[in-house]
Amino acid sequence: MKKVLAGGCFNKIHEGHIYFLKKAKELGYLVVVLANDMNNRKPYAVPAKKRKKNLEKLGIADKIIVGDTEDFSKVVKKEKPDIIVLGYDQKLPVKKRNIVVKRIRKFGNHSTKRMKEISQTRKNKFLFF
């Protein structure tokens, strides 16, 4: 089975995140790397411990880890994925080194930033807080 690495902040999980994770899981054993709190500088940032629990509740990933504070390539070296999956708006933070890179298309009009803005004016649609 192929080892698949996917990453992100996952501050507020929405349908777009679930689509992304399910598509990544279809490719093999899924390791999700959460952005370390030091690198999660969004104004609506959620602590890594809570983000990890929220992802675990989904039951999609086989393994969830918190990334390094300074160097994403350390996770890549340690996990040795066959495939790195990127979201529609992500950039590869390391050189490929014989790793297949697949991009998952955007699902609908979902984005954490957009949903956060909407939630300020009406009841939000996040799956977890």
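Worth a mention:
- Residue check for Gly108: modelled with pLDDT of 85 or more and small (Gly, Ala, Ser): no
- Total residues in the stretch 59-95, condition outside any strand (DSSP E or B) and either over 14 Å from Val4 (Cα atoms) or without any contact (Cβ under 8 Å) to a residue 12 or more places away in the chain (or both): 19
- Residue within the stretch 38-58 that is in contact (Cβ under 8 Å) with a residue 40 or more places away in the chain, surrounded by 13 or more Cβ atoms within 10 Å (Cβ to Cβ), of a type in the set (Lys, Arg) and part of a loop (DSSP other than H, G, I, E, B) present: yes
- Residue ID - farthest from the chain's Cα centre (by Cα), chosen from residues in the stretch 59-102 that are loosely packed, with under 13 Cβ neighbours inside 10 Å and under 19 Å from Ile18 (Cβ atoms): Gly59
- Among the residues of the stretch 21-37, those identified as among the aliphatic types (A, V, I, L, M) and part of a helix (DSSP H, G or I) are Leu21, Ala24.
The values are calculated or read from the model by the stated rules, or taken from the named source; none is laboratory data. Only a predicted model underlies this, so the values are computations on that prediction, with no experimental measurement involved. Virtual Cβ from ideal backbone geometry, glycine too; neighbours counted across all protein chains shown.
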